[in-house]
Each structure stands twice: as structure tokens, then as C-alpha cells.
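One structure below.
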Ligand code: NAD
Ligand code: ZN
């Protein structure tokens with residue numbers, strides 16, 4: 001089969017022939033139709049220090065996908081060949097206290113598809129049946145291919161009650177933009193999204209009914225005054241990984257405000273804890289999705305009017321993957337979808 005492989009411990013990815021994965025009794029084999037390029041894939045392509053210490057070489061990469069079941073393991077029940085599916089990208093052990101308590105997303109023993117174990121940038125990917133998510137007819141393959149990052153957005157956005165609340169999102173990358181759409185769908189009052197990249201702010205305004213703010217040009221205080229928000233934001237979603245953005249968020253939260261942090265800073269950062277203590281802020285770290293609960297809510301919201309389609313800005317055949325990675329790296333894109341069939 002054709003696959004995008006991290007073939008060498010150096011920058012790049014290589015489109016190569018690979019053996020098809022062999023499935024065990026509890027696995028399914030999925031014929032991949034469309035995949036999304038993630039920021040994680042950019043790190044793997046560029047071979048930064050995180051990638052160099054995390055990714056086994058050689059390995060097929062990629063974790064955002066939609067496709068069709070082509071083979072079922074002998075013990076798999078309740079799924080069928082031909083079914084359109086996506087899947088949870090974290091493969092967990094079921095032995096930990098968290099997993100046995102049903103909190104799968106808190107299981108410490110986790111392997112990422114396309115990060116620690118072979119991935120979905122391939123004609124076929126092997127996935128445990130436990131991880132498979134059947135797709136309803138109204139969710140087509142390209143939307144199916146971006147459900148993994150939409151799940152990050154949904155998990156983060158729904159961490160705190162948003163109904164009637166004023167929400168600040170820092171970082172208008174694909175996940176921040178989708179979180180803005182989710183906050184709007186969930187019933188927030190004002191949704192303000194910040195960035196320093198005009199392309200991304202403009203895209204945010206096209207995807208969701210939000211107030212985009214370029215914090216390199218405009219002061220957030222003047223925005224909150226214009227919106228008539230006397231005390232600041234009730235809920236903050238940090239989706240940039242920028243320490244400056246986080247500190248700005250802390251400055252503009254209400255006393256007792258709640259912050260969910262998805263963005264990953266590139267290293268240790270300085271935080272004014274005194275301000276967080278006296279403001280009595282709640283801060284919650286977010287990793288991945290709340291697994292099947294997030295998938296359920298995400299599919300339900302897409303079936304009931306949540307529309308994130310416009311966050312997909314580029315589509316191309318997998319043979320053009322290098323162009324796709326270049327576009328993602330430029331920052332002047334939303335999601336880039338690679339087509340395998
Ligand atoms: P992205 O890199 O595409 O977007 C980040 C955006 O933040 C960019 O548009 C950038 O211009 C903007 N930004 C930079 N400085 C800023 C500032 N001072 N104020 C406001 N915005 C600023 O990332 P993405 O794919 O949308 O993902 C969002 C973040 O979430 C990233 O940090 C990513 O690493 C992280 N992430 C975390 C998880 C998790 O499980 N915790 C999963 C996926 C992604
Ligand atoms: Zn991803």
C-alpha cells in the first residue's frame with residue numbers, strides 16, 4: 001500500500017510502498033479516503049526535538065482520517081465491512097484505575113496512532129474496534145477527516161458552562177476557530193477570538209459568528225469596553241500555546257473566571273501566579289478528547305446545525321503532500337485535507 005512514512009530521522013516525509021497492516025482479532029482494517037494534516041504532523045515532518053524523542057523511525061504517520069471498514073477481526077461484533085468510519089486516535093490500556101473507572105481519557109497508558117504506533121496517512125490503517133466511530137450519512141469524508149481536531153475544540157469548549165457567558169479564545173488556528181463555532185452553537189453571548197495573523201482572523205470570521213481581534217494592533221481592553229463587558233470574560237479557551245496570549249487572558253478574565261488550556265507552549269513559561277490566586281481563577285489542562293463522550297457530542301452538534309466546513313481551506317491529492325505541508329506551515333490556511341482515493 002501507499003503510505004506517508006517518517007522513513008529517516010531527519011526533516012521530511014516520504015510517500016512509499018509499505019506492507020498492509022495485519023489485524024488481530026479485536027482490530028478492524030480501514031480503507032482510508034481522506035486525512036487531515038495536523039500541527040503534530042508538522043512537528044514530525046520538521047523533526048523538532050519533541051518529534052526526535054517521540055517518533056519511532058521508520059513509521060507511517062497521521063491520525064486524522066475518515067474511511068471505510070474493509071476487514072473485521074474475528075472477535076469484532078457490531079461493526080460491518082463497508083461502514084464509513086473515523087476513530088479515536090488514542091489507543092489506551094484498560095488496566096489503569098482511570099480506565100477501569102470509565103475515565104478513558106485520563107488513562108495514563110496511551111499510545112497515539114501516527115505518533116507512537118502506525119498511523120492513518122496510508123491506504124489502510126489498523127485500529128482497535130474499541131476506537132472505531134461510525135459516521136452518520138450527513139457527515140461526509142472530508143468532515144470525517146477533521147473530527148479529531150474538532151474533538152479537541154469540543155472537549156476544550158465544553159469544559160465549562162458557556163450558556164450566556166462571554167468567551168475569550170486565544171489563537172485562531174483551526175482548533176481555536178472550531179472552538180469559537182462550538183461556543184457560539186452552545187449559546188455563549190460574546191465570543192472573542194484573538195490572533196496576530198490576519199489570514200486566520202479573517203477565516204475565523206467566515207467560519208463562526210465571532211469577534212476577531214488582532215492583538216498586535218488592537219488592545220483587548222478596548223474590545224471588552226466596546227462590547228459593554230464591565231468585568232471581563234467568564235470563560236477562556238487558550239488555543240495558541242503562546243505565553244503572551246495566556247497572560248493577556250488572565251488579565252481579561254472576571255474574578256472567578258474559568259480557563260481551559262489546550263495550547264502547548266514550546267517550553268516552560270513565566271506566569272504571574274499572584275494574579276491567578278487573587279483572581280481565584282480555575283485552570284484546567286486539556287489533552288485530547290473526553291473520548292467517546294466528546295465524539296458523541298461532536299456528532300450530535302454537527303447533526304443539529306454546527307457548521308465548521310469552511311475551516312477546510314485546501315484539498316489535494318496525497319501526491320501533493322509537500323505542498324500541503326508548506327501551506328500549513330505558512331500559517332495562511334485552515335485545515336488541509338489530503339485525498340487518498
Ligand atoms: P496553530 O498553531 O495552527 O494555531 C495557533 C494560533 O495561535 C496561530 O494562528 C498563531 O498565529 C496564534 N498565536 C500566536 N501568538 C498569539 C498571541 N500572542 N495571541 C493570540 N494568538 C496567537 O494550532 P492548532 O492546530 O489550532 O492548535 C492549537 C494549539 O493546541 C497548539 O498549541 C497545539 O499544539 C495545541 N494542541 C493541543 C492538543 C492537546 O491535546 N492538548 C491537541 C491538539 C493541539
Ligand atoms: Zn491532530
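The values are calculated or read from the model by the stated rules, or taken from the named source; none is laboratory data. Source: prediction; values computed, not measured. Here Cβ is always computed from backbone atoms with ideal geometry, including for glycine, and neighbour counts include all displayed protein chains.
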Review point. Is it the case that some residue within the range 17-31 is touching a helix residue (DSSP H, G or I) at 6+ places or on another chain (Cβ under 6 Å), away from ligand 1 (no atom under 16 Å from the Cβ), under 14 Å from residue 128 (Cβ atoms) and not in a helix (DSSP H, G or I)?
Key: yes
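Against the definition (outside any helix (DSSP H, G or I), at pLDDT 95 or above and touching a helix residue (DSSP H, G or I) at 6+ places or on another chain (Cβ under 8 Å)), how does residue 315 come out, yes or no? Step through it out loud before you land on a result.
Numbers: outside any helix (DSSP H, G or I): yes; at pLDDT 95 or above: yes; touching a helix residue (DSSP H, G or I) at 6+ places or on another chain (Cβ under 8 Å): yes.
Criteria met by residue 315.
Each row is one residue, and each column tells you yes or no for (1) modelled with pLDDT of 95 or more; (2) surrounded by 19 or more Cβ atoms within 10 Å (Cβ to Cβ); (3) closer than 13 Å to residue 173 by Cα.
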| position | (1), (2), (3) |
| --- | --- |
| 212 | yes, yes, yes |
| 215 | yes, no, no |
| 218 | yes, no, no |
| 233 | yes, yes, no |
| 237 | yes, yes, yes |
| 244 | yes, no, no |
| 254 | yes, yes, no |
| 258 | yes, yes, no |
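Yes or no, residue by residue, for (1) within 16 Å of ligand 2 (Cβ to nearest atom); (2) in contact (Cβ under 8 Å) with a residue 60 or more places away in the chain; (3) more than 27 Å from residue 174 (Cα to Cα):
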| position | (1), (2), (3) |
| --- | --- |
| 8 | no, no, yes |
| 15 | no, yes, no |
| 19 | no, no, yes |
| 30 | no, yes, no |
| 33 | no, yes, no |
| 49 | no, no, no |
| 60 | yes, yes, no |
Point to revise | Qualifying positions in the range 32-47 - surrounded by fewer than 24 Cβ atoms within 10 Å (Cβ to Cβ) and more than 16 Å from ligand 1 (Cβ to nearest atom) | key: 33, 47
Check your understanding: Is it true that residue 66 is touching a helix residue (DSSP H, G or I) at 6+ places or on another chain (Cβ under 6 Å) and closer than 16 Å to residue 124 by Cβ?
Key -> yes
Check your understanding: Out of the range 162-202, which residues are in a helix (DSSP H, G or I) and closer than 19 Å to residue 223 by Cα?
Key -> 176, 177, 180, 183, 184, 198, 200, 201, 202
Review point. Just wondering, is there one or more residues in the range 78-88 that are more than 16 Å from ligand 2 (Cβ to nearest atom), over 29 Å from residue 312 (Cβ atoms) and either part of a strand (DSSP E or B) or modelled with pLDDT of 95 or more (or both)?
Key: yes
Revision key, fill the gap. Residue hits (the range 238-272; more than 9 Å from ligand 1 (Cβ to nearest atom) and in contact with a helix residue (DSSP H, G or I) (Cβ under 8 Å, 6 or more places away or on another chain)) are 250, 251, 252, 259, 260, 269, 270, 271, 272
Check your understanding: Within the range 264-278, is even one residue under 26 Å from residue 145 (Cβ atoms) and in contact (Cβ under 8 Å) with a residue 12 or more places away in the chain?
Key -> yes
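Being more than 16 Å from residue 86 (Cα to Cα) and buried (at least 18 other Cβ atoms within 10 Å of the Cβ) is true for just one of 333, 304. Which residue is that? If you could, list the steps in order and put the result at the bottom.
On the way: 304 fails: buried (at least 18 other Cβ atoms within 10 Å of the Cβ).
Just a single option satisfies the conditions, and that option is 333.
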Review point. Pairs, please: C-beta under 7 Å, at least 6 apart or cross-chain, first residue touching a residue at least 24 places away in the same chain (Cβ under 8 Å) and in the range 314-329, second assigned to a helix (DSSP H, G or I) and surrounded by fewer than 15 Cβ atoms within 10 Å (Cβ to Cβ)?
Key: 325/42; 328/42; 329/42
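Among the residues of the range 158-183, write down those that are within 16 Å of ligand 2 (Cβ to nearest atom) and under 15 Å from residue 294 (Cβ atoms). Lay out the reasoning, then the answer.
Filtering the range 158-183 for residues within 16 Å of ligand 2 (Cβ to nearest atom) gives 171, 173-179.
Listed by number, the residues that qualify are 175, 178, 179.
Is it true that residue 122 is more than 11 Å from ligand 1 (Cβ to nearest atom), at pLDDT 95 or above and over 26 Å from residue 228 (Cα atoms)?
On the way: more than 11 Å from ligand 1 (Cβ to nearest atom): yes; at pLDDT 95 or above: yes; over 26 Å from residue 228 (Cα atoms): yes.
The answer is yes for residue 122.
Okay, residues lined up against (1) away from ligand 2 (no atom under 16 Å from the Cβ); (2) on the phi > 0 side of the Ramachandran plot:
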residue: 280; (1), (2): yes, yes
residue: 303; (1), (2): yes, no
residue: 311; (1), (2): no, no
residue: 322; (1), (2): yes, no
residue: 333; (1), (2): no, no
residue: 337; (1), (2): no, no
Check your understanding: Given the conditions (1) closer than 24 Å to residue 244 by Cα; (2) crowded, with 24+ Cβ neighbours inside 10 Å, which single one is not true for residue 199?
Key -> (2)
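Of these, 115, 167, 182, 125, which one is in contact with a helix residue (DSSP H, G or I) (Cβ under 7 Å, 6 or more places away or on another chain) and within 28 Å of residue 9 (Cα to Cα)? Show your work before the answer.
Details: 167 fails: within 28 Å of residue 9 (Cα to Cα); 182 fails: within 28 Å of residue 9 (Cα to Cα); 125 fails: in contact with a helix residue (DSSP H, G or I) (Cβ under 7 Å, 6 or more places away or on another chain).
None of the others qualify; the one that does is 115.
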Exercise for review: Inspect the range 108-119 for any residue being farther than 24 Å from residue 22 by Cβ, surrounded by fewer than 18 Cβ atoms within 10 Å (Cβ to Cβ) and more than 19 Å from the chain's Cα centre (by Cα) and give the result as yes or no.
Suggested key: yes
